[in-house]
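Here's the structure, in C-alpha cells; my notes come after.
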Amino acid sequence: MKAILISVLLTFSLLLTSCGDSNGPHIGHPIGPFVFTVGQTSDNLFSFKGSDTGSILPVSSAVTGHAPSAVVMQHFDISRMNLYVTDAASNNVVVLSLDPESGMAGGTGITVPVGSNPIALGLRGAFGTVSANGPVDMGALYVLNQGSNNISGFQITDTSGHMTAVPGSPFATQANPQAFAIVSGGTLPANITTFIYVANGALGSISGFKANADGSLTEVAGSPFAVGANISALTGRLGGTILLASDAGNNHVLGFKISDTGALTPFPGSPFPAGSQPGAIIFAFNDFVYVANRAGNSVSAYKFDFNSSTLTPVPGSPFPVGTSPVAMGTTRPLQLYVANQGSSDMTAFTIDPNTGILTRVAGSPFHLPVAPNAIQTLFVMNVD
C-alpha cells in the first residue's frame with residue numbers, strides 16, 4: 001500500500017510510503033481533507049471537514065489547555081495520528097488522539113510542561129521509521145517558548161504520544177523569539193541533518209541549531225545570522241537545503257541556501273518585495289510560495305526556481321484575504337487555506353497548477369468559532 005499524505009504547520013510536507021502490490025496501483029479511499037485550528041480566546045481545538053470544492057464544514061471540538069497557540073500533527077500510519085497543542089497560558093503541551101476517518105480529536109490525558117508562553121512547535125522525524133513491529137523512531141517534538149526565551153525538546157516514546165525530555169533541554173534562544181522552522185535534508189544522502197532555525201523578530205537575525213542524534217541541540221557556527229529588520233516567520237523547502245524568511249520590518253521575503261553545516265547563504269537576488277508586514281510563509285504545490293501579509297490583509301504569491309534561487313511574483317499577486325492573516329495550510333495539493341485572526345475566518349483558494357494564481361473558493365471566507373492563531377491540515381490519498 002502507498003499513502004500520499006499532505007499535511008502542513010506553517011509549512012508544506014509530502015510523505016510517500018509503500019509496501020508493494022503485485023497487481024498494480026489503484027486509488028483507495030482518501031482520508032480527509034481536514035482542517036484543524038486553535039486560538040487563544042477559546043480553550044479548544046476545532047476540526048473542519050474539507051471537500052472537493054474547497055469548502056469546509058465544522059466537525060467537532062476538543063478541549064485543550066488554556067490559550068492554545070499552535071498545533072502540529074504526527075502521522076505514524078494511515079490509522080494512527082496525534083495532534084500536539086501548545087497552551088500559551090498553561091505553559092504545556094497537550095496530546096490529542098485523532099480519528100483519521102471522522103477528523104474528531106480526543107483527549108489522551110497526556111500533558112507535559114514546557115517553558116513560559118509557548119507559541120510554536122514542530123516535529124523532527126514526524127512520521128517515524130516503521131518496521132514490521134511498528135515505529136522504531138518516533139521522532140522528537142520541539143517547542144518555542146517566547147516568554148522564557150528557549151526551546152523545549154522531547155523524544156516521543158510511543159504512538160500514544162508519551163515523551164521524555166531530551167538531554168540538555170531547554171535550550172536558550174535570543175530574546176523574544178517569534179517563530180521557528182524545523183528543516184531536515186542535505187546536499188547528499190550521507191549529509192542528511194535536521195536543523196532548527198529561530199526567527200529573532202526585531203533583532204533582525206536568525207539563529208540556527210543542529211538537532212543531534214539524542215535530540216539535543218547545538219548552535220550552528222556563526223549563529224545568529226544578521227539578515228534583516230524584523231524576522232517574523234520561517235519555512236523550509238522539502239529536501240532541507242532552502243530556507244525562506246519573512247522580514248516584517250522591511251516588507252521583504254528573504255531566501256537562503258542551507259549548507260551541510262547549517263550556515264545560511266543569501267540568494268543572489270534576495271531580498272524580494274512582499275506586502276505590508278509579511279508573516280506566515282509556506283511552500284506549496286510545484287514550488288509556489290505564499291506569504292501572509294498581516295497588515296496588508298493579503299497573500300503574496302511567488303514561483304520559486306531552484307536552479308537560479310529566485311522568487312518570481314505570480315500574476316495578480318497579492319491576493320486579498322480577511323483581516324490580519326496569521327497562518328496558512330494546504331489540504332489537497334491545489335487547495336490553500338488562510339487563517340485570518342482579525343476577522344475570525346478562513347479564506348480558501350484553489351491554486352492554478354501552472355501559474356500559482358489563487359482563485360477564491362465559493363462561499364469563502366468561512367466563519368471560525370475563535371480568532372485563529374494557527375492551523376494544521378490533513379489529506380491522505382491511499383494508493384493500493
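Numerical summary
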quantity	calculated
From the options 244, 238, 203, residue that is under 18 Å from residue 151 (Cα atoms) and either touching a residue at least 24 places away in the same chain (Cβ under 8 Å) or surrounded by 20 or more Cβ atoms within 10 Å (Cβ to Cβ) (or both)	203
Selected residue (criterion: surrounded by the fewest Cβ atoms within 10 Å (Cβ to Cβ)) from residues of region 322-349 that are among the hydrophobic types (A, V, I, L, M, F, W, C) and closer than 20 Å to residue 70 by Cβ	326
Considering residues of region 73-123 that are open to solvent by 20 Å² or more (accessible area, probe 1.4 Å), hydroxyl-bearing (Ser, Thr, Tyr) and touching a residue at least 40 places away in the same chain (Cβ under 8 Å) only, the residue farthest from residue 140 (Cα to Cα)	102
So residue 161, is it in contact with a Phe, Trp or Tyr (Cβ under 9 Å, 6 or more places away or on another chain) and either hydrophobic (A, V, I, L, M, F, W, C) or open to solvent by less than 40 Å² (accessible area, probe 1.4 Å) (or both)	yes
Positions within region 367-384 being within 26 Å of residue 74 (Cβ to Cβ) and either part of a strand (DSSP E or B) or free of Cβ contacts under 8 Å to residues at least 24 places away in the same chain (or both), in sequence order	374, 375, 376, 377, 378, 379, 380, 381, 382, 383
Sole exception among (1) among the hydroxyl-bearing types (Ser, Thr, Tyr); (2) closer than 29 Å to residue 265 by Cα; (3) in a loop (DSSP other than H, G, I, E, B) for residue 343, by number	(2)
The lone exception for residue 222 - which of (1) at positive phi; (2) crowded, with 16+ Cβ neighbours inside 10 Å it fails	(2)
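The values are calculated or read from the model by the stated rules, or taken from the named source; none is laboratory data. In this text the structure is predicted, and so the values were computed from the model without any measurement. Glycine gets a Cβ as well: all are built from the backbone with ideal geometry, and neighbour counts include every protein chain shown. Ligands, DNA and RNA are stripped out before the accessible areas are found, and what is left, the full protein with its side chains, is counted by its heavy atoms. Shrake-Rupley method; radii C 1.70, N 1.55, O 1.52, S 1.80 Å.
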